[in-house]
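Reading through the structure tokens given below for one structure.
The values are calculated or read from the model by the stated rules, or taken from the named source; none is laboratory data. Keep in mind it's a predicted model, so treat the numbers as computed, not measured. In this analysis, Cβ positions are derived from the backbone assuming ideal geometry, glycine residues included, and neighbour counts consider all displayed protein chains. Areas reflect the complete protein model, heavy atoms only, side chains present, ligands, DNA and RNA absent. Shrake-Rupley method; radii C 1.70, N 1.55, O 1.52, S 1.80 Å.
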Amino acid sequence: MGCLETLGRIPYASLIATIITCVGVGVFCGTLYKALTITLRDIFRDLFDFDITWLGTLQIMFVLVGVIMAILAIILLVFGFLATGSTRKNVYRGTRCIMGGRVSAAFFMGVSYILNLAWIGISSVLVIPIILYVIFSNLCTTYVLNNKRNMHECRASDFKYQNQHPSCYCVNLTHYGITRDSAFGVKNDGLCKNENLQTFCNSVSDAGPYFIAAYCGAVLIVLGMIMFMIILGANYTRIKTAKEVQDIREDLRLADITLND
């Protein structure tokens with residue numbers, strides 16, 4: 001009975017939600033950090049001589065947010081242990097303890113709801129680099145990898161007259177709203193040489209899968225937060241029921257005292 005009682009105290013739903021959240025945080029932080037490193041270093045800095053400082057700061061912020069999410073998941077797991085089985089009966093006995101448990105459950109439920117909305121937004125933003133990855137992969141396959149012409153013969157001016165030079169292709173930042181006048185530090189806004197295009201395509205093929213994995217990690221975090229909200233709602237109801245049961249027992253005890261008198 002001791003073993004079964006111990007197993008009954010384990011909050012399996014909270015444990016599963018914690019594992020899903022921690023796995024999502026690990027995948028998200030690791031893959032997104034790697035993807036942004038490739039994008040910032042190999043593409044923007046090495047090929048376009050363009051430094052995006054705010055994106056590097058955002059890279060560090062995402063790692064910190066991931067660590068905070070992992071800590072929150074562990075805290076919610078501990079709260080799940082306190083609100084499960086006989087542990088709940090031992091912890092939430094008095095009126096103040098029960099009220100504190102209800103307030104804690106409601107607070108964590110609100111925090112989980114807000115964080116869930118934030119991670120839905122993050123996962124939605126991650127769709128953008130995935131779409132760009134698909135677009136550039138198709139462009140690389142069509143105009144670079146399958147292009148038989150020696151791309152060293154193409155000049156930057158040929159990009160403006162692609163009707164006369166259909167086999168020439170350049171990756172130009174001006175098509176994506178980044179120009180020398182509006183972006184500080186841009187020294188090269190177009191890639192036309194074959195070696196640069198090959199490097200660009202290789203970097204895109206390396207960073208794309210990392211962005212997809214980061215999106216999957218964000219989806220796992222959203223799933224974990226949804227599970228935590230459901231679990232916290234159930235725990236709130238259980239703690240509230242414990243208060244009602246305590247009131248009924250108190251009424252029965254007073255009734256027995258009255259009958260005995």
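Any residue at all in region 191-203 that's part of a loop (DSSP other than H, G, I, E, B) and either open to solvent by less than 50 Å² (accessible area, probe 1.4 Å) or at pLDDT 90 or above (or both)?
The answer is yes; a qualifying residue exists.
Within 24 Å of Ile131 (Cα to Cα), open to solvent by 80 Å² or more (accessible area, probe 1.4 Å), at pLDDT 65 or above and under 31 Å from the mean Cα position of the chain (by Cα) - does that describe any residue in region 207-214? Yes. Restricting region 32-73 to residues that are not in a helix (DSSP H, G or I) and not hydrophobic (A, V, I, L, M, F, W, C), the residue that is farthest from Phe200 (Cα to Cα) is Asp51. Among the residues making up region 113-163, those that are surrounded by 14 or more Cβ atoms within 10 Å (Cβ to Cβ), at pLDDT 90 or above and either at positive phi or not aliphatic (A, V, I, L, M) (or both) are Tyr113, Asn116, Trp119, Ser123, Pro129, Tyr133. Of all residues in region 21-41, those satisfying the criterion of being open to solvent by less than 40 Å² (accessible area, probe 1.4 Å) and either farther than 30 Å from Thr199 by Cβ or at pLDDT below 80 (or both) are Thr21, Gly24, Val25. Annotation: Val171 fulfils all but one of (1) touching a Gly at 6+ places or on another chain (Cβ under 8 Å); (2) surrounded by fewer than 16 Cβ atoms within 10 Å (Cβ to Cβ); (3) at pLDDT 55 or above; the unmet one is (2).
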